[in-house]
Amino acid sequence: MDTREEQAKTDSSSRSSSCDRKSGLQTDESQDREVLSQRLGRISHKVLVLSGKGGVGKSTVAVRLATSLAEAGKTVGLLDVDIHGPSIPALLGLGRKTVATRGEYILPVPCRRLKVMSIGFLLPEDTSPVIWRGPMKMNVIKQFLKDVDWGPLDYLIVDCPPGTGDEPLSVAQLIDDASGAIIVTTPQELSLLDVRKSITFCKHLELPVLGVVENMSGFVCPHCGHTSDIFRQGGGEQMAGEMGVPFLARIPIDPALVLAGDEGKAFPLHLPESAAARAFNEIAQAVLARPGDQDPDRDAAVPTSAVPDKQSVKRIAIPLAGGQLAAHFGHCEEFALVDVDAQTKSIAGQTRVAAPDHQPGLLPPWLRERRADLVIAGGMGQRAQQLFEQHGIAVVVGAPSDTPESVVQAYLDGSLLTSENLCDH
């Protein structure tokens, strides 16, 4: 046989084998995605706990939030994806617990009213390091989501490692319908510098920021009652306002909280009247109160008819271009924030504010901070409508280009004529 013919057959066989391997990988990936979707489809709300800085108490916030939600009667799972520094087992007093299996699935470790999973349960010793590169960490995180039999849950709280690297990115990509993220910081600027990056990370991924928690916010002396701002106070709240995201709570430094963590006690239950316990309950109540997360099918468009009763609307946001309602929501120059009196169907006041720099996912929390109940727009994409719904802001699309006063008055009178959504992408 001619050498060139032999080489051609070899090349053809190699290409065929390569295609078969690629096809097999694609099939495996497709199967994994289908199983992952089925598993996560039984979980109503998925909340990521993030921080750009280590040592700010992120795991403590994740544990206490999960505990508070469980005490509110919710079924809660707690997933620790901090591969290199798993803290959840120690904070819950689970020690050297090991995981069990049922068939091909892993069973989470029960703890009080929680279902818990952490790589800490899989290490031979507490001092055993995890020396892995990115792909291995990605596979373990996927396994925790896909192969752990979480069962039906109201909430899955995911404790991520600090930063914006492999683990948080993997979780955000695998859980593509997450309810959002809670960002934990301490008040000083050194922490805030890195935590700002976490908020920008969420905006790039169109992951809603549920709010910022300021941990280690002041120390109240148990003897004299004097408050000392060891790490300053208020930096997290100020940063949240600057970044256009909600602020949830301040958690003071409390020696009892540290002791409860070391002893694996459920802190909000241990000292329910303490300032720290009240702060954790405030965070849980903010998560529980979030509208728009009730329907697990978040791929559906938000219908225009899903507008609150006019009696409940207090402030309407109108995106403007050239002083009139902008045809395309993302191209507006400023917003008219129009306060209304629903009883008299009249406009009570109006404020004009410049639109922030365009960043994915920024406008819903930015307008929520400015107390908007409703947005009336010419055109808006479906994903943007979903994000507004998740932030408790209703949307009317297809409104005509007119002055904000005319648009709002027509809405109040019931005479606003809407047409096709001009930006449905």
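A few notes on this one:
- Scaled radius of gyration (Cα, divided by 2.2 N^0.38 Å) that region 41-288 gives: 0.96
- Most to least packed among 255-262, 97-104, 210-217, 55-62 [average Cβ atoms within 10 Å]: 210-217, 55-62, 255-262, 97-104
- Under 30 Å from the Cα of Lys74 - lysines, other chains or at least 8 residues apart: Lys46, Lys53, Lys58, Lys97, Lys115, Lys137, Lys142, Lys146, Lys203, Lys265
- The peptide list 141-153, 70-82, put in order of mean Cβ contacts within 10 Å with the highest first, becomes 70-82, 141-153.
- Neighbour counting of Cβ atoms within 10 Å sorts the residues Cys221, Cys160, fewest neighbours leading, into Cys221, Cys160.
- Antiparallel content of DSSP bridges confined to region 41-288, in %, to 5: 20 percent
Each value in this text was obtained by applying a stated rule to the coordinates, not by laboratory testing. In this text, all values refer to a predicted model and were calculated from it rather than measured experimentally. So basically every Cβ, Gly included, is an ideal-geometry build from the backbone, and we count neighbours across all protein chains shown.
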